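These notes concern the structure reproduced below.
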Amino acid sequence: MNFSEVFKQSNQLCRVSPDGKYLATCVQYRLVVRDVNTLQILHLYTCLDQIVHMEWSSDSLFILCAMYKRGLVQVWSLEQPDWYCKIDEGSIGLVSSRWSPDGRHILNTTEFHLRVTVWSLCTKAVSYIKYPKACQKGIDFSRDGCYMALAERRDCRDYVSVFVCDDWHLLRHFETETQDLAGVEWSPNGCVLAVWDSCLEYKVLLYSLDGRLLSTFSAYEWSLGIKSLAWSPSSQFLAIGSYDGKVRILNHITWKKVTEFDHPASINNTKAVVYKEVERKPVVGSADLSIQQHITMGSTLFNTQSKYEICPLPVQVPVVKPDLDRANPKVGVSSMAFSSDNRYLATKNDNMACVVWVWDMQRLGLLAVLEQTSAVRCFQWDPRRPRLALCTGNAKLYLWSPAGCVSVQVPAEGGFQVQSVTWHCSGDSLILLGKEQLCLCYMEVGEEEEEDDDVK
Amino acid sequence: MGVFMHLCRTTNQILSKSGYRMSSLRQYSQSSVLPLPMTRNPYTMPTISAFCTEDNVSECISYINREVSSLGFPLLCTESNNGPELNLVAVLNNVYNLLQLHRRCLQTVEDIEVEQVKSNSNMDYLQLSNTRLKDQLELSKRENTGLLERERQLQLKVKSLHNCLKNEKEEVQKLQSIIASRATQYNHDMKRKEREFGKLKERLNQLLIDKKDKKQTFEVLNYVGRSDGKRSLWKTGKTEARHEGEMYKTLLNDYDSRHKDLLMENAELKKVLQQMKRDMVTILSPRKPSQSGEKHDDSLEQTSSEEDEVCDSSRESLELSCEHAREQLTNSIRQQWRRLKSHVERLDSQASLVGERANMNAIPKEVHEEEMDRLKLEIQQYKDFIHTQQQLLQQQLNSPCDDETASLLNDCYMQEEKERLKEDWKSFEEKRKNFEAERRNFTEAAIRLSHERKAFEEDRATWLKHQFLNLTPFGDQMKPQMSKSQSALSGWAESEVRPMSTPAKLNKSLSHTAFSTSRASPAKTPSTADLYRTHRLIPEKRYPTHDLDIHNRSKLQSIHIHGR
C-alpha cells in the first residue's frame, strides 16, 4: 500500500472523474484537476466565490462548481480550458445544483424549493419544474440515466413525477399514499421506484416504472420509522434500516420481508467473527531523551499503533443511550451499504457508533463485527471486490475483507485525521479526506494476501 | 334352740330382700371357717339347715359372736357355768342393730343408685354434647379448608392482576415515550418550517422593497453538442409515444429476465427433489429382507413408488411445468420421506431396546453389518461412476485430436464471426474517432468563431469611431457596391443567426466559416479585411449599415458575446 503526499482541499470536495483518470479538488475558490496516477496538476480554474458543491459530468468532460451563497454555478471544460459557462440564479437564490445523467443539463433548485430550473448546455431551452419537495432525497436519477423521479408536494399531498431525461418529458405523475414523503430511490435495474415516508410513519411504497403501486410495506406503527434505505446491486433485495435498530430485508418477487437483522448489545450464539480494535500505546522513554527524539516521539504519540484482536463469544458491545428528548435521536440504523457482488451488507447502528456489522446475504446471517475504539465516521465498499474500507476520525485506515481485517496507519505529518473514505472506480486506490487535507492510498495488486499479516 | 332357729329364719327372710348383700355376706361367710352349701340364685334365702343345724349350734353361736363383736355389737351369749347361754336382750339388740345397719345400707344403696343414675345421665349428656361438638368441629374444619382454598385462589388472581397491571403500565410507558418522541419530532419539524417560513417572508419583503429584481442570467461561450452527438428532437406526440414504448420495453425486459431466472431455479429445484427421491428410494430398498412386519407393505409401496418414478420421469421429461407432474413429484417425495422417517424411528427404538437388553446384541450387529455392506456397495458404485465419468471426459478431450475436420469447421464458423466482429469494432472505432475529431473541431471552431466575433466587434467599434471622426457625406457612386456589401452583410448576418438555432448546422456553417476565411467567397461570410474595405469606401452608407448593425446587435444580444 502506497500513500501519496497530503494535499489541501476545502469543504470535503474531492471527486474522481467517472472515467477514473482525473481527480478534482477544491481549494477555497479554486478548482484543481490532477491526474489520478501522477497527481500532477493538469488544470487550474478560478471561480467567483468559495465553492460549496462540485460535480463531474457523466462523460468526464465538464465540472460543475456551485456557490450557493452567491447563487452562481460555473461550469468548466476539461478539453477546452478557455470555455466557460456561468449560471446566475439572481434573486431567486440557489439551494442545490446537480448534473443530469447525460452531462448536458444542469438542475438548479432555487431557495425555498420554489422550483427546479433545468438549464441546457446544448440549446437555449430552459425548463421549470414546479413544487419540488424539500425532503431527505427528493430527486433520483435511474442508473441508466433515462429517467428522473422527483418528489412534489401540492395541496398537502405528495406526488411523484417521472421525467424522461432525454427531453424532460413528463412520463408519469401520480399521488403517493404517504403522510410526508421523505425520499425516492430507483432500483439499480431502473424498473422499481422505492418511496418512503418520514420517520414518524414506517411505510415503504414500491412503484413500478409505469406508476403502478406494486406493494406497501410497514413493519410497525407509532414508533419512529425508517432511517435509511439501500437497494442491493442486483435489485434482488431492499434493505430498510429503522429507528428500532433493525434492518429488514425485502425480496423483489413478493416484496415481503425475508429476514430481519437485529443489532443486539450482547452477541452470542452466532458464527460471526468479532474483531476488536486494540490500541498499543508506544512506551514513552526515560527523561534523558534528546529533543530530536522527543519531537519524533511526539508525532508518534498521536499515532498509536493498533491492531485487531478476535474476541471469543459472548461479546458485549458498548451501547450509548441517546437522549430521547431531542428530535432525530442517535438511535437506529443510519447507514447501510451492499457490496458490489451483492454478497455482503455492512450496517451501522447509531446506538453503537463504534461498531460496524457485516452480514452475509447468502445465508442471511451475521458474518463479522468490527468494534473500533472511536465512532465510525464513514465506510464504503470497493466497487470491484468485496472489500470494505472504513475510518473513525483518527489517522488510520481500516480494511475488512472475508479473509481478514487490517488497520493501516496513514503516514502523514501533522495529525492527518481521516474523516471520510472514497474508493476510486477501479478499486485500486482510495481517497482519504481529512478536515482540510486529502491523501491518496494506492493499493497493490495482490492486496488480499497481504492483509493476513496483522490479524486473521 | 328353736327360738334361735326361728330368729335365724326371720333374719334370712329380711335379708332376702336384697340379693347381693346376701351374696357379699355369703362370700364373707365362704371365706370364714364354715363352708355352707349355697345356691346360685342370690335372691333366694339359703335354708336354715344350710347354716345352722343341731350339731353345730355352739359353733354357730361362736361364729355369730365373733361377727357381731367385729361389728361392735354386744355379744350374743355369755359364758356361764352351764355352757354358753344365749342372751336374749343381746340377741334382740343385735338383731335391732343389724336391722338398723341393714336399713342404713339400703339407704346408702339407694343413694348410690340415685347417684349412679345421675352420673349416667351426666355421662349421656356429656356424650351427646361431645358428639355435637365433634360435629361442629368437623364442620368448622371443612369451612376453614374451604376458606383457605378461596383465599389461595384469590391470591392467585391478585398475582395475575398484578402482572396485568405491570404489563399495562409498561405498555403505557412505552406509548408515552413514543408519544414524547413523536411530539419532539413534530415540534422540531414545525420549528424548522416556521424558520423557513420566516425566511420566506423576509425574502418576500426584501423583494417588495427593492424593486430591482436580479434576473437569472446564463452566459456561455458557446453551446456544446449533446454527449451522444444526436440532434435533439421536437416534442411531438410521436416522441411521447416512443418514450412510453421504451418504458414498457424496459419493464418487459426486466420481467422476462426475472421469469427466466425463476424458471431456471424451478428446474434446478425439481432436479434436486428428484435426486432426493431417488436417494431415499435407494436407502429404503435394501431394508426389505430385514423387516419382518412391514415386508408386505414395503414391497407394495416399493412397486408403487417405482411405478411412480417411471411415470414421473417420463412425464417430467415431457412437461416440466405441468401442475399434475409437480404434485405427483411432491407427493411421492412426501411419501418417501414419511417412510424414511418411520424407518429411522424404528431403528431408534431398536437401538433403545439394545440398550436395555444385553442379549439382543446379535440383532443390532446384523443390522450394523448390513448397513456396512450396503454402504460399501454404494461407495463402489460411486467409484465406478466417477471412473466412467473420467473416462468419458478423457474421451471427450481426446476426441478433438481425431475429429479434426469437425473441430476445424467449428473454428471456421467462429473465425468468420470473429473476423466480422473485428471489422465491426474497427469501423466503430473509426467512427468514434471521427466523431471525436469532429467534435473537437467543432469546439475549436466555435471558440475561433467567438474570437472572430470579438475581433469583429472591435473592428466595428473602430469603424464606428472612424465614422464618427470622418463625417463627410458622399454621392451615389458607391450605390451598387453598397448593395453588394449590404447583401454580403446580410448574408453574413444570416449565417450568424442560423447557428443559434441548431448546433449541427452551426457545425457545418462554422466549419465552412473556418475554412472559408481563406477563400472569402462574396455570397458567404466576408473576411474582416473586406468588410473594412467596403466600409471605408462607403462611409455615407453608414446609416443603412448602421441599421443592419443594430439589427445584428439585437439578434446577438441574446447570446451575450464577450471578449475574454
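Please state, rounded to one decimal and in Å, the Kirkwood hydrodynamic radius that chain A gives when every pair of distinct Cα atoms enters the mean of 1/r. Show your work: numbers first, answer last.
Working: mean 1/r = 0.0418 Å⁻¹.
It is 23.9 Å.
So, counting K/R as plus one and D/E as minus one, what does the shell of residues with Cβ under 10 Å around A:Asp350 add up to? Walk me through the intermediate numbers first.
Numbers: positive: A:Lys227, A:Lys330, A:Lys348; negative: none.
With Lys, Arg at +1 and Asp, Glu at -1, the neighbours total +3.
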Calculated Rg and Dmax of segment A:375-431 using C-alpha coordinates, Å = 11.1, 33
Tabulate in residue order the Karplus-calculated ³J(HN,Hα) for segment B:182-187, using 6.51 cos²θ - 1.76 cosθ + 1.60 with θ = phi - 60°, rounded to whole Hz; enter x for Gly and Pro.
-> 5, 4, 5, 5, 4, 4
Residues with amide H under 5 Å from that of A:Tyr84, placed H, sequence gap 5 or more | B:Leu221, B:Asn222
Relative exposure of A:Asp180, B:Asp210, judged by other C-beta atoms within 10 Å (fewest first) | B:Asp210, A:Asp180
Beyond 20 Å between alpha-carbons counts as too far, so tell me which of B:Lys277/B:Lys341; A:Lys203/B:Lys249; B:Lys277/B:Lys365; A:Lys257/B:Lys174; A:Lys330/A:Lys435; A:Lys203/A:Lys257 fall in that bin.
-> A:Lys203/B:Lys249; B:Lys277/B:Lys365; A:Lys257/B:Lys174; A:Lys330/A:Lys435
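FRET efficiency for A:Lys435 and A:Ala134, Cβ-Cβ distance as r, R0 = 25 Å, nearest 0.05?
FRET efficiency, A:Lys435 to A:Ala134: 0.30.
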Determine ³J(HN,Hα), in whole Hz, for all residues of segment A:47-53 in sequence, where each value follows from phi through the Karplus function 6.51 cos²θ - 1.76 cosθ + 1.60 and θ = phi - 60°; x replaces Gly and Pro.
-> 9, 7, 8, 5, 7, 9, 9
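Expressed in whole Å with the largest first, what are the equivalent ellipsoid semi-axes of segment B:102-252 derived from the C-alpha gyration tensor as the square root of 5 times each eigenvalue? Numbers along the way, then the final one.
Working: eigenvalues 2668, 154, 19 Å².
Taking √(5λ) for each eigenvalue gives 116, 28, 10 Å, largest first.
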What nm value, rounded to one decimal, do you get for the distance between B:Val114 and A:Ser215 when each label is placed 7 Å out toward the C-beta?
-> 11.1 nm
B:Gln206 versus A:Thr46, label points 7 Å from Cα toward the beta carbon: distance in nm?
-> 2.7 nm
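Which order results if A:Val356, B:Val272 are arranged by neighbouring Cβ count within 10 Å, fewest first? Don't jump to the answer; show the numbers that get you there.
Values: A:Val356 25, B:Val272 10.
With the fewest neighbours first, A:Val356, B:Val272 line up as B:Val272, A:Val356.
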Compute the separation of the alpha-carbon centres of segment A:26-42 and segment A:191-228 and state it in Å as a whole number.
-> 41 Å
So how far apart, in nm, are the two label points at B:Lys238 and A:Asn268 if each is 7 Å from Cα heading toward Cβ?
-> 7.4 nm
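If we count GluC sites (Glu not before Pro) as exposed when they sit in a DSSP loop and have at most 16 other beta carbons within 10 Å, what is the longest stretch of chain A that avoids them all?
Value returned for the longest uninterrupted segment is A:222-412.
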Rounded, prolate or oblate (a/c below 1.5 giving rounded, otherwise prolate when a/b exceeds b/c) for segment B:145-230 by Cα gyration tensor = oblate
With +1 at each Lys and Arg Cβ and -1 at each Asp and Glu Cβ, the charge dipole magnitude of segment B:52-190 around its Cα centre, to the nearest 20 debye, comes out at 1820 debye
Please work out the C-alpha center-to-center distance from segment A:119-182 to segment B:160-191 and express it in whole Å.
-> 38 Å
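Provide the net charge surrounding A:Ala182, with neighbours chosen by a C-beta distance below 13 Å and charges set as Lys +1, Arg +1, Asp -1, Glu -1.
Working: positive: A:Lys133, A:Lys137, A:Arg153, A:Lys203, A:Lys227; negative: A:Asp140, A:Asp158, A:Asp180, A:Glu185, A:Asp197, A:Glu201, B:Asp189.
That works out to -2.
What number do you get for segment A:19-103 when its Cα radius of gyration is normalised by 2.2 N^0.38 Å, N = residues?
Numbers: Rg = 12.6 Å, N = 85, 2.2 N^0.38 = 11.9 Å.
This ratio for segment A:19-103 stands at 1.06.
For each of A:Trp222, B:Trp234, B:Trp463, count neighbouring Cβ atoms within 10 Å of the residue's Cβ, then give the residues from fewest to most. Present the calculation step by step, with values, prior to reporting the outcome.
Numbers: A:Trp222 14, B:Trp234 8, B:Trp463 19.
In increasing order of surrounding Cβ atoms, one gets B:Trp234, A:Trp222, B:Trp463.
Within the set of other residues whose C-beta is less than 15 Å from the C-beta of A:Gln12, count the net charge using Lys and Arg as +1 and Asp and Glu as -1.
Neighbourhood net charge equals +2.
Using the Cα gyration tensor of segment A:103-204, with a ≥ b ≥ c the square roots of its eigenvalues, what is the shape: rounded (a/c below 1.5), prolate (a/b larger than b/c) or oblate (neither)?
oblate
Return the FRET efficiency for the residue pair B:Glu416, B:His259: r is the Cβ-Cβ distance, R0 is 35 Å, and the value is rounded to the nearest 0.05. Present the calculation step by step, with values, prior to reporting the outcome.
On the way: r = 33 Å, r/R0 = 0.95.
Working from the Cβ atoms, E equals 0.60.
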In sequence order, what are the phi-derived ³J(HN,Hα) couplings for segment A:269-280 according to the Karplus relation 6.51 cos²θ - 1.76 cosθ + 1.60 with θ = phi - 60°, rounded to whole Hz, with x for glycine and proline?
-> 6, 9, 8, 6, 9, 9, 9, 10, 7, 10, 8, 10
Over segment A:10-69, consider all pairs of different Cα atoms and compute the Kirkwood hydrodynamic radius from their mean reciprocal separation; express it in Å, one decimal.
-> 11.4 Å
Determine the relative contact order of segment A:315-456: mean sequence separation of Cα pairs under 8 Å and six or more apart, normalised by residue count, in whole percent.
-> 15 percent
Calculated FRET efficiency for the pair B:Gln391/A:Arg363, C-beta based, R₀ 41 Å, to 0.05 | 0.65
For A:Ser96, the residues 5 or more places away or on another chain with a placed amide H closer than 5 Å to its own amide H are A:Thr109
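We did not get these values from a lab; they are worked out from the coordinates using the rules stated. Worth saying up front: this structure is predicted, and the values here are computed from it rather than measured. In this analysis, Cβ positions are derived from the backbone assuming ideal geometry, glycine residues included, and neighbour counts consider all displayed protein chains.
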